[in-house]
Amino acid sequence: MSDATASGENKFGLADDEWQFYKYAHSKGKDGIKFSDRPPEMGVQEAYQAMNTLLKKSALEIVTINGENMLRAIDLREAEKASRMNDEQRFVYNAIRAAGNEGIWTKDLKKKTNLHTIVLNRTLKALEQKQEIKAVKHVKFPTRKIYMLFNVTPSSEVTGGAWYTDQELDTEFIESLKTACLKYIMARSFPRNEQVRDAVFNAEYEHYPTAAEVRRFITESRISSVDLSVKDIGSLLDVLVYDGVVEKKLPYIAGFDEDMSDDEGDDSSVPWAYKAVRKTTSRLPTEAMTEIPCGKCPVFTFCVEDGPVNPYNCEYFKTWLDW
């Protein structure tokens, strides 16, 4: 809620005592206040009268924090909307509003409001027609109907974030970004020396790119029209690590401590660097004996015609011939 809502002159039709109590509750933020709390300059009776009136006007809500019922101020603009609704609509609207950008499933909404299914469906339809709420699809639960306030943007947990388009995993977009990231990391991982084959940097080289640098490259190159965060790029680079084409490295200075434990190495505050893994090809000549299974069989010395390992039941031969 903006500070202007609580400190401005517009009281949204609240009496002086109600406005004073509301500002006190609002100043405590999301932590809320206890039922026994009141502004220092207000008497007990005036405070309770103001509290009850604000609850009726939906300017305050009762929430459970750490197992204790507390009072929390609601944005007066939202309260004004709720005051124009009937009891059922206001009950459902406040429950959906409390769910924030995560939304609430209709089954959970029914449990929370304790309304009959027919009444709940009628109320939801009325609120949707007024454009007070909207139904969204959850990428993890596509069959569930999730509701949130009309002007609320769904969280990445609901939409799937940058990697989803219309609740579908955009594999083409992901693959194109992986290719661009890998090319950039490759260019920063090895010296450009045509005279030396398979040249590498020395151990003190400290210019392997971090996720933030890769993100800057993606942004400046305008490869993606989607605004990707460092966390998004980090998850993409982790996929490259799992694919075996990139390895994760500590920066030279931070990695100098050989006694660093695994727990410290996994610290999210460490600016991990990424180095491309160069594909190596065998320089040994290809011969017939190295191509057939017998040439590299681990149990070759035990293979005899009548033994437990023999050419007739050889699993390596079966696989080789099937290929």
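Bear in mind that the values in this text are calculations on the coordinates, not laboratory data. In this text the structure is predicted, and so the values were computed from the model without any measurement. When we count neighbours, we look across all protein chains shown, and the Cβ atoms used for this are built from the backbone with ideal geometry, even at glycine.
Using a simple spin-label model with pseudo-atoms 7 Å out from Cα toward Cβ, Val239 and Arg77 lie 3.7 nm apart.
Here the simple spin-label model places points 7 Å from the Cα toward Cβ, and for Val309 and Leu55 these points are separated by 8.0 nm. Between Thr171 and Thr219, the C-beta separation translates, for a Förster distance of 22 Å, into a calculated FRET efficiency of about 0.50. Give, as a single signed number, the net charge of other residues whose beta carbon lies under 13 Å from the beta carbon of Tyr312, with Lys and Arg counted +1 and Asp and Glu -1. Around Tyr312, the surrounding residues sum to -2. Remark: for residue pairs Lys30/Lys125; Lys30/Lys130; Lys23/Lys56, the C-alpha separation exceeds 19 Å in Lys30/Lys125; Lys30/Lys130. Rg ratio for the stretch 91-223: its Cα radius of gyration over 2.2 N^0.38 Å, N being its residue count, equals 1.70.
Net charge of the neighbourhood of Gln49, taken over other residues with C-beta under 9 Å away and scored Lys/Arg +1, Asp/Glu -1, is -3. Each other residue within a Cβ distance under 13 Å of Lys134 adds +1 if Lys or Arg and -1 if Asp or Glu, for a net charge of +3. Between amide H atoms placed 1.01 Å from N, distances below 5 Å from Val277 occur with Val246, Glu247, all of them 5 or more places distant or on a separate chain.
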